[in-house]
Amino acid sequence: MKPWDIVLVYWVDSSGIGKWTDTDSVIEDDHIAQCWTAGFFLGYNKDCIKVASSASTSDSVDHIMYIPKIAIKKVKVIGKQND
C-alpha cells in the first residue's frame with residue numbers, strides 16, 4: 001500500500017448497552033461491533049493505520065481515522081493512487 005491508495009479497512013470495536021437490561025439476555029449476547037472504513041491510506045505506525053475520508057488540492061485532509069492495529073481484521077486496497 002502507498003499513501004493515497006483507497007482502502008477498505010475491516011475492524012472490530014467495543015460495544016455495550018446503556019440501559020437497564022435483563023441479565024440473561026446479556027449473558028446470551030456475544031455482540032461485538034463489526035465495522036468498516038473506506039478512505040485514503042495515509043500510512044501505518046506501530047499502533048495504527050491512518051485513513052482520511054476527504055482530501056483537497058490545498059494538501060490537507062479531513063475526517064481522519066486512527067484505527068488500532070489490534071482491532072483490524074483485514075485491509076483491502078480498492079483503488080490505486082495515480083502516479
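The values are calculated or read from the model by the stated rules, or taken from the named source; none is laboratory data. Just so we're clear, the structure is a prediction, and the values are computed from it rather than from any experiment. Cβ coordinates were reconstructed from backbone atoms using ideal geometry, including for glycine residues, and neighbour counts include every protein chain displayed. We work out accessible area using only protein heavy atoms, side chains counted, and drop any ligands, DNA or RNA first. Shrake-Rupley method; radii C 1.70, N 1.55, O 1.52, S 1.80 Å.
Within region 39-57, the set of residues being hydrophobic (A, V, I, L, M, F, W, C) and closer than 13 Å to Ile72 by Cα comprises Cys48, Ile49, Val51.
Listed residues Lys50, Lys46; which is assigned to a strand (DSSP E or B), at pLDDT 95 or above and basic (Lys, Arg)? Lay out the reasoning, then the answer.
Values: Lys46 fails: assigned to a strand (DSSP E or B).
The unique qualifying residue is Lys50.
The C-beta contact set for region 47-71 (first residue without any contact (Cβ under 8 Å) to a residue 12 or more places away in the chain, second residue not in a strand (DSSP E or B), distance under 8 angstrom, 6+ apart or interchain) comprises Asp62/Ser56.
Return the residue satisfying two criteria in turn: it lies in region 39-61 and is of a type in the set (D, E, K, R) and surrounded by fewer than 10 Cβ atoms within 10 Å (Cβ to Cβ), and of such residues it is nearest to Pro3 (Cα to Cα). If you could, list the steps in order and put the result at the bottom.
The first filter runs over region 39-61 and keeps only residues of a type in the set (D, E, K, R), leaving 46-47, 50, 59.
Still in the running and surrounded by fewer than 10 Cβ atoms within 10 Å (Cβ to Cβ): 46, 59.
Details: Lys46: 16, Asp59: 13 Å.
Checked region 39-61; the qualifying residue nearest to Pro3 (Cα to Cα) is Asp59.
Val75: part of a strand (DSSP E or B), closer than 15 Å to Lys2 by Cβ, in contact with a Gly (Cβ under 9 Å, 6 or more places away or on another chain) and of a type in the set (A, V, I, L, M), yes or no? Taking the combined requirement at face value, the residue does not satisfy it.
Each residue in region 30-83 was checked for being of a type in the set (Gly, Ala, Ser) and farther than 16 Å from Leu8 by Cα, and 5 of them qualify.
Does Trp36 qualify as being assigned to a loop (DSSP other than H, G, I, E, B) and open to solvent by 70 Å² or more (accessible area, probe 1.4 Å)? Criteria not met by Trp36.
Would you pick out the residues in region 19-31 that are loosely packed, with under 10 Cβ neighbours inside 10 Å, modelled with pLDDT under 90 and part of a loop (DSSP other than H, G, I, E, B)? Listed by number, the residues that qualify are Asp30, His31.
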